[in-house]
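I have placed the structure first, in the form of structure tokens, so that the comments after it can refer back to it.
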Amino acid sequence: MIRLAASALALSLVAGTALAEPVAYDFDKSHANLSFSYNHLGYSTTEGRFGEWEGTLLIDKDKPENSSIEFTIDVDSLDTFWAERNQHFLSADFFDAENFPKATFKSTKVEKTGENQLEVTGDLTIKDITKPVTLTVDVTAFGEHPMAKKEAAGFAVSTVLKRSDYGMDMYVPYVGDEVTVTFHSEALKADATN
């Protein structure tokens, strides 16, 4: 009987551990930036950003492979700091924002590759075209936020995409096909809800 009780206790502890879930974090948009850059005719680097986006971030700090992220970008929030170029990029020549107003990313795998580095693989969808993408994630900080007084994480994320993969090949190769995407952000542990 004692052995049976001990086995039941051990099983309940194992089940409890297995059922532990990653923790939700909220992005601090006042300390975040989703930007991109590309080569223009070999003469300069042109930059832009997306101002409106939403993300769902789940972090398992003990087992990073259980972490995940989903991201939705409002394409119409694109800003390259030049109104005419913005309008062209949002037209059917490029993003066709009227017909495809959202771009999305959903992680499929998270792998720890260094002391403070992760590789996040996922599916990026632009203009209803989905391609696998791998993000390099540098964890710049993890611990109690000195101002918010709650657990927080800081990230520097980067990847390189080919815009032609998403049906945006106008002016290639004169204007660079490769687009460098960077995302810097702080995220705070979400408040518990009932």
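The values are calculated or read from the model by the stated rules, or taken from the named source; none is laboratory data. None of the values given here were measured: they were computed from a predicted structure. Areas reflect the complete protein model, heavy atoms only, side chains present, ligands, DNA and RNA absent. Shrake-Rupley method; radii C 1.70, N 1.55, O 1.52, S 1.80 Å.
See the values below:
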{"read-out": "Linear extension gain, T45 paired with T134, 0.36 nm per residue minus alpha-carbon span", "value": "29.8 nm"}
{"read-out": "Using alpha-carbon coordinates, inclination of helix 2-18 to the longest axis of the chain, degrees", "value": "10 degrees"}
{"read-out": "Accessible area, probe 1.4 Å, largest first, for residues S68, S185", "value": "S68, S185"}
{"read-out": "Accessible-area order (highest first, 1.4 angstrom probe) of the listed residues Y171, Y43", "value": "Y43, Y171"}
{"read-out": "Under 17 Å from the Cα of K131 - lysines, other chains or at least 8 residues apart", "value": "K102, K106, K109, K162"}
{"read-out": "Karplus-derived 3J(HN,Hα), 6.51/-1.76/1.60, for each residue of segment 154-163, Hz, glycine and proline x", "value": "x, 9, 10, 10, 8, 7, 10, 10, 9, 5"}
{"read-out": "Residue-level accessible surface for I69, protein heavy atoms, 1.4 Å, Å²", "value": "30 Å²"}
{"read-out": "Exposure rank, largest accessible area first [E119, E98, E151, E70; 1.4 Å]", "value": "E98, E70, E119, E151"}
{"read-out": "Area accessible to solvent at K61, 1.4 Å probe radius, in Å²", "value": "120 Å²"}
{"read-out": "In order through segment 35-46: 3J(HN,Hα) via Karplus (6.51 cos²θ - 1.76 cosθ + 1.60), integer Hz, x for Gly, Pro", "value": "10, 8, 8, 8, 7, 10, 6, x, 9, 7, 10, 9"}
{"read-out": "Accessible area of F50 in the full protein assembly, 1.4 Å probe (Å², nearest 10)", "value": "20 Å²"}
{"read-out": "All Cα pairs of segment 25-129, percent lying beyond 22 Å", "value": "43 percent"}
{"read-out": "Cα-derived Rg over Rh, computed across the chain with Rh taken as Kirkwood radius", "value": "1.10"}
{"read-out": "Reachable aspartates and glutamates from K29, criterion Cα separation under 17 angstrom, eight or more residues apart if same chain", "value": "E52, E54, E70, D74, D79, E151, E186, D191"}
